[in-house]
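The values are calculated or read from the model by the stated rules, or taken from the named source; none is laboratory data. These numbers come from a predicted model, not from an experiment. Here the Cβ is made from the backbone with ideal geometry for all residues, glycine too, and neighbour counts use every protein chain on show. Accessible surface areas use protein heavy atoms only, side chains included; no ligands, DNA or RNA. Shrake-Rupley method; radii C 1.70, N 1.55, O 1.52, S 1.80 Å.
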Amino acid sequence: MDMKRIRRHQSSPAGPSDLESNGASRHGAEKRPASRFLRPVMILLACLMLLLVASGAFRSLSLDRLRRVGGVQGMGEFEVIARQGSENGSSASSSIRKDKLLGGLLAAGFDEESCLSRYQAVLYRKESPHLPSPYLLERLRKHEVLQRKCGPNTELYNKAVEQLKSGQSIETAECNYVVWISYSGLGNRVLTLASAFLYALLTNRVLLIDRGADMADLFCEPFPESSWLLPLDFPVNQFNSFDIKAPQSYGNMLEKKVISNSVDGGSTGSLPAYVYLHLDHDYGDFDKLFFCEDDQRVLQKIPWLVLKSDNYFVPSLFLIPTYEEELHQLFPEKDTVFHHLGRYLFHPTNTVWGLITRYYQSYLAKAEEKVGIQVRVFDTGPGPFQHVLDQILGCSLKEKLLPDISAAHESVVSSPTVRSKAVLMTSLNSGYYEKIRNMYWEHPTVTGEIISVYQPSHEEYQQTGKQMHNMKAWAEMYLLSLSDVLVTSAWSTFGYVAQGLGGLKPWIMFKPENETAPDPPCRRVMSMEPCFHAPPFYDCKAKRGVDTGALVPHVKHCEDMSWGLKLVDQDEW
Ligand code: GDP
């Protein structure tokens, strides 16, 4: 069949008489057959159609039209025209308004280009069902003002540094600070930084961070018009020497009676301008007094607190009476602390955002469901280990997160409604990913579902000081947080970050003992909050040991670590 003739026929509805009767012809303009006139238009239309079909590939998140909605009401919104695939293969467009400020959690007015992730994150995430409380929003805005007023390159900062150099505390400093030391693996760092920020918020302190090897390469600035990076000429800089024995630590000063925490003791004159807070997992009994009300009263009078930790110490802040009421107002939903603070603070830099978005669009966007599986193996060699593979599969199949395979090797006829699942695996080792990918390649699934398995990197071992290594680790935590369902490994802060940012309650795989897969292999967690691995067990009033996981309904022991503490929404109990 001559397609050209058909096209010519179809595209020439106007016969000669029509042409002769129109104005152009009467005024002597060149007569042009309609087919010649319309052909370029048709080609253009066809090209446009092709482009639209190609962009329709991003079905669950097609961003083929994205624009900011104007007007006062829409200040914080993107309008996304989402292209949804329908059953007959055609596609339909629907307009979704996305709130790029996350319910007011983020401040408006940042330069968007310098940190694309800040306002684009909303395009990759499902909307959180957890709204930040109005009081949290009010406190965040106030805190931003404080960071601006007292942050680096301000007169007040210079004054506070001068006073720090003098070595003595003063009665009422206008600006007080928490300096966070960059320390430990990336997941640990994210959790301690969120904890330090909450502490800064509770105590009206400015938060400044030691940039370490790569903090500035990984995270955008969270506060508008002010930097959270500790200036390089900050006079206290021997952070490497700060450990459990450091004479500058609050715990050691208490023990040596350099300062006193008794209610009437410890005059302001005798307090130093700064103390080091050693909140690392190996901390001693005197360091742990940080979590007591009387000690908080002393610390309030010290303008500079330099803090080092590798733990998410937020649950124990909830047990200090001084902060009880304030925390309740900030977080009426107790299990949303890291979820909100994490989304507020941690925005990947443009380089990391490139790693995240390219990977997402290449491998994950098209799937109808995204399953994240985070594999972290402690205490043993590099693996892969059969018992870990058994545990991953045992958990995913038992909990019906992934379908079982059919013993047959032949393919089954898939129905047009077949579902596709993308499995994003993260691990230092590629062995588990290879086994699971091959399993779904070599066998059909019993449900007919199509399972694609991906793993962005396999770095083999932890390389804490290396820039690209940490960028990949951050990108992978973030990608996991974009999952619909999540499986994580016990004890891993890497997994906690993903679950908290994603607002996900994962199935957590218990820590294997004696190289055997535990039975059951995993369980669903009570809340999306991270676990505090090294909490104190001390009753400050009674001055004796106590089970801090049994004092209030919203601080419980963790699922993956019997002595750890985590926040849960008490209403769930
Ligand atoms: P945790 O040790 O599991 O609590 O997590 P951390 O993030 O604090 O430390 C582990 C570090 O090992 C990470 O920061 C990475 O440097 C590296 N790592 C562990 N698992 C992975 C992984 O799945 N992917 C990548 N890229 N790095 C990982």
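For the reader, a short list of remarks on this structure follows.
- A search for C-beta distances below 8 Å between a residue of the stretch 524-538 that is under 28 Å from L401 (Cα atoms) and any residue that is assigned to a loop (DSSP other than H, G, I, E, B) and of a type in the set (K, R), counting only pairs 6+ apart in sequence or on different chains, returns R524/K505; V525/K505; M526/K505; S527/K505; M528/K505.
- K245 vs. criteria open to solvent by 20 Å² or more (accessible area, probe 1.4 Å) and either part of a helix (DSSP H, G or I) or in contact with a His (Cβ under 6 Å, 6 or more places away or on another chain) (or both): no
- Test for V337: is it away from the ligand (no atom under 16 Å from the Cβ) and either of a type in the set (D, E, K, R) or closer than 30 Å to D243 by Cβ (or both): yes
- Being in a loop (DSSP other than H, G, I, E, B) and surrounded by 22 or more Cβ atoms within 10 Å (Cβ to Cβ) is a property that holds for P222.
- Of residues in the stretch 475-498 being of a type in the set (A, V, I, L, M) and assigned to a helix (DSSP H, G or I), the one farthest from I392 (Cα to Cα): A475
- In the stretch 196-218, the residues that are open to solvent by 10 Å² or more (accessible area, probe 1.4 Å) and out of contact with any Gly (no Cβ under 6 Å at 6 or more places or on another chain): L202, T203, N204, D210, R211, G212, A216, D217
- Here the condition is being near the ligand (Cβ under 8 Å from one of its atoms) and either buried (at least 21 other Cβ atoms within 10 Å of the Cβ) or at positive phi (or both); of V497, V487, it holds for V497 alone.
- Test: residue in the stretch 181-198 that is at pLDDT below 95 and not hydroxyl-bearing (S, T, Y): yes
- Candidates D310, D282, D287, D264: the one that is surrounded by fewer than 17 Cβ atoms within 10 Å (Cβ to Cβ) and either at pLDDT 95 or above or within 16 Å of the ligand (Cβ to nearest atom) (or both) is D282.
- Taking the stretch 461-478 as the range and being open to solvent by less than 30 Å² (accessible area, probe 1.4 Å) and within 10 Å of the ligand (Cβ to nearest atom) as the test, the residues that pass are Q463, H469, N470, M471, A473, W474, A475, E476, M477.
- When S414, S362 are screened for being modelled with pLDDT under 95 and farther than 21 Å from W491 by Cβ, only S414 passes.
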